[in-house]
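What follows is a single structure, written as structure tokens, with notes after it.
The values are calculated or read from the model by the stated rules, or taken from the named source; none is laboratory data. None of these values were measured; they are calculated from a predicted model. Note: ideal-geometry Cβ built from the backbone for every residue, glycine included; neighbour counts use all protein chains shown. When the accessible area is computed, the model is the full protein with side chains, heavy atoms only, and any ligands, DNA or RNA have been set aside. Shrake-Rupley method; radii C 1.70, N 1.55, O 1.52, S 1.80 Å.
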Amino acid sequence: MIKKIFCILFVISFMILNASASENFVTDVTYDLSEGPFLNTAVTNPESKNVRQIVMGEKGVDSLENFPISTTGCYRNVTSPNGEYLATKFEMYKSGNILYEIHAAGMLPFRVAFSPDSSMFVIPKEKNVVDNNCTGRKLIGFEVRSSETGKRINEFFFDLYTEGIYPQEMYKNNLVQLYWSADGSAIIADYVHKEYAVEYDPAAELSYIKCDIDYSALSHNETMSNETVYSGPSSVEIEDINSNINSSQTSEPSAQEASSAPGFSVILAGLSIIIVARKHFQK
């Protein structure tokens, strides 16, 4: 009995600590941002705002409903706002000299989006996880890196998988492009969600996701961490506590709420329960 209590409390504490191990640089996430607000948002890579038209033209697609899930082959170089850095298909250059190779999940037409001060860039990222059905999946997100060294500063993942493989959820998700707002306050992702009907006729839906960020903290590397921050609940949960968690939550917690979870107090409470239980059984 004591071992079971300890196991459950440990898993809950680990889930909370995993979300609060470092200050989350993403303070809010807006899914399904409409096209109007996106087009009215100044970004550091304005030339990539017509990426959908570029992809459709090069892929020979005449309707957004037939937008391709893969945009490989539609590559364009990206120049940083200060003009020093140039990101090509596979390399990063500074003043005409190669700095390092660019390795990332997915192949965006415009490979990266630079920060307003050109010191950082954002690039797509995928992470292998195991869902509640013990099935291996891939989460879609992005990684912020240093323009000078190419090293990771932080990462963030949306509550989106690359693919749904069950019969009742046949779909594929993919990032089309990433943007960094000119004032540094947000990172925006353009993504495609493609549903497959029973007869496997696909229909694509395009949308934008806006991530409000703490640019000051990020630019000073205050959020440097090896921990992964998620926009949704943990992808690995124990079955006997998963039902309780789902029944007590009517909506997903925001990234900001997850990052402020009191993990330390949960551990203390867990230890107190174990001590009381142990004394009870000793009697």
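Quick notes on this structure:
- Across the stretch 176-201, the qualifying residues are those that are in contact (Cβ under 8 Å) with a residue 60 or more places away in the chain and open to solvent by 10 Å² or more (accessible area, probe 1.4 Å), and the one among them that is nearest to the chain's Cα centre (by Cα) is K194.
- Restricting attention to the stretch 55-100, the residues that are of a type outside the set (G, A, S) and assigned to a loop (DSSP other than H, G, I, E, B) total 16.
- Per-region count, the stretch 123-135, residues assigned to a strand (DSSP E or B) and surrounded by 14 or more Cβ atoms within 10 Å (Cβ to Cβ): 6
- Across the stretch 101-120, the qualifying residues are those that are in a strand (DSSP E or B) and out of contact with any Lys or Arg (no Cβ under 6 Å at 6 or more places or on another chain), and the one among them that is nearest to N50 (Cα to Cα) is A113.
- Close pairs (6 angstrom Cβ cut-off, 6 or more residues apart or separate chains): closer than 26 Å to D28 by Cβ and open to solvent by less than 70 Å² (accessible area, probe 1.4 Å) in the stretch 151-167, outside any loop (DSSP other than H, G, I, E, B) and at pLDDT below 85 anywhere: F156/V229; F157/Y230; Y161/R137
Each row is one residue, and each column tells you yes or no for (1) within 22 Å of R145 (Cα to Cα); (2) open to solvent by 70 Å² or more (accessible area, probe 1.4 Å); (3) within 22 Å of the chain's Cα centre (by Cα).
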{"site": "E35", "(1), (2), (3)": "no, yes, yes"}
{"site": "T41", "(1), (2), (3)": "no, no, yes"}
{"site": "T71", "(1), (2), (3)": "no, no, yes"}
{"site": "S80", "(1), (2), (3)": "yes, no, no"}
{"site": "A87", "(1), (2), (3)": "yes, no, yes"}
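- The set of residues in the stretch 136-150 being open to solvent by less than 30 Å² (accessible area, probe 1.4 Å), over 11 Å from the mean Cα position of the chain (by Cα) and more than 30 Å from Y93 (Cβ to Cβ) consists of R137 alone.
- Restricting attention to the stretch 177-186, the residues being in contact with a helix residue (DSSP H, G or I) (Cβ under 6 Å, 6 or more places away or on another chain) and of a type outside the set (S, T, N, Q) number 1.
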